[in-house]
Amino acid sequence: MKKLILFKVMLAICGSAFSQQEPQYTLYMLNPFMTNPAIAGTNNYYQIRSNHRFQWTGLKDAPVTNAISAYGPHSSKSMGYGGYIYNDITGPTSRTGINGVYAYNIALTTDIRISMGLSLGIMQYKVDGTKIKLHDEDDLALLGIVYSKLLPDASAGVYVWNSNFYAGFSALQLLNNKINIGDATNTDPKLVNRLTSHFYLIGGYSYSINRDWSLDPCVIVKKVVPSSYQLELNVKVTYQNMIWGGISFRTQDAISIVLGYTYNRKYFIGIAYDYAISDIRYYSSGSYEACLGINFDNLKSAKSNKKK
């Protein structure tokens, strides 16, 4: 167990070929704003989203993520504003951040628009050495001390949409900040690492089967430098804009089931369960996620927007 704890500490600091430093969101379709700032202002109303994820339950010191976001359009101009706060904990390491977002959109055709967004913020990266147990007890580099560092953060994105389809590209952790745990002059490669950039390419379509049923497929391609690509396939079925369910598949990671309920098109809840297909399934009973949301009244007349 000591070796496992040390491995996860270094994984959280450095990243790996099969994981990402940014939090994973299975319920992406309920809050795409968290991974693409260009989403701000693409709807005619303000909205609040709350995300809560418990990853790899049953595994000691597994990741836990909580986030809340709010965003919406300017009342008369083609722009949007928003922000979010998040806290991501993995054992003795944690990331807490706050970001502000601005986006501006223009018309490409009579029914297709494009939005460009930028997110700027600050993040606190912390390692609690009092929670670390090392296999080599003579190595005291991280033991007994809480290390904390404030870092600037920036993300950018572009988003194209109309009432039926959407596509977006975003880049997170653009600044590639260096994390120097402990003494600023430290040269130990285990303790000096960088936050790497994350790239998301996303496309989806909303298809109305009949008056009661609609189908929403979505494809996500992820790239974390310098690791391999990850592909995510999602499909959601909705009944009377009220009850919905779906399934998703992430290569090298998990198969997920999602369920949700929407009341009066304003209040909703979504839940997800991930069954791991990687070797971590031997140690975990799966991952759980929930998303709560409120949509406020329209601020401007209707225009082309993707369905949610």
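Just so you know, all these numbers are worked out from the coordinates, no wet-lab data involved. All values reported here derive from a predicted model rather than from experimental measurement. Note that each Cβ is placed from the backbone with ideal geometry, even for glycine, and that neighbours are counted across all protein chains shown.
For region 2-298, what ratio Rg/Rh do Cα atoms give with a Kirkwood hydrodynamic radius? Here the Rg-to-Rh quotient is 0.99. The phi torsions of region 222-228, fed into the Karplus equation with coefficients 6.51, -1.76 and 1.60 and a -60° offset, translate into couplings of 10, 9, 10, 5, x, 6, 6 Hz, rounded to whole numbers, with Gly and Pro shown as x. Summing Lys and Arg as +1 and Asp and Glu as -1 over all other residues whose Cβ lies under 13 Å from the Cβ of Met79 gives a net charge of +3. Amide H contacts of Gly41 (H built 1.01 Å from N, in plane; Pro and chain starts excluded): Gly72, Tyr81 sit under 5 Å, all sequence-distant by 5 or more or on other chains. Assuming charge only on the beta carbon of Lys and Arg (+1) and of Asp and Glu (-1), the dipole of region 2-298 about its Cα centre is about 280 debye to the nearest 20.
In this structure, the residue pairs whose Cα-Cα separation is over 31 Å, taken from Lys236/Lys300; Lys131/Lys266; Lys60/Lys222; Lys60/Lys223; Lys131/Lys178; Lys178/Lys222, are Lys131/Lys266. May I ask you to derive the relative contact order of region 2-298, considering only C-alpha pairs under 8 Å and at least 6 residues apart, and to give it as an integer percent? Relative contact order, region 2-298: 17 percent. Of the peptides 244-252, 222-230, 88-96, 36-44, the order by per-residue mean of other Cβ atoms within 10 Å, starting with the highest, comes out as 36-44, 88-96, 244-252, 222-230.
Listing Trp56, Trp213 from fewest to most neighbouring C-beta atoms within 10 Å gives Trp213, Trp56. Whole-Hz Karplus values for region 290-299 come out as 9, 9, 10, x, 9, 9, 8, 5, 4, 9 Hz, taken residue by residue from phi with 6.51 cos²θ - 1.76 cosθ + 1.60 and θ = phi - 60°; glycine and proline positions read x.
Along region 150-167 the Karplus relation, 6.51 cos²θ - 1.76 cosθ + 1.60 evaluated at θ = phi - 60°, assigns HN-Hα couplings of 9, 10, x, 9, 8, 9, 9, x, 9, 8, 10, 7, 9, 6, 10, 10, 8, 8 Hz to successive residues, with x for each Gly and Pro.
Remark: Tyr207, Tyr71, Tyr86 ranked as Tyr207, Tyr86, Tyr71, counting other beta-carbon atoms within 10 Å and listing the fewest first. In this structure the amide hydrogen of Ser197, modeled in the peptide plane, comes within under 5 Å of the amide hydrogens of Val225, none closer than 5 places in sequence on its chain. Other residues lying with their Cβ under 9 Å from the Cβ of Tyr147 contribute a combined charge of +1, Lys and Arg counting +1, Asp and Glu -1. Were the residues from Ala154 through Lys266 laid out at 0.36 nm apart, the gain over their Cα-Cα distance would be 37.3 nm.
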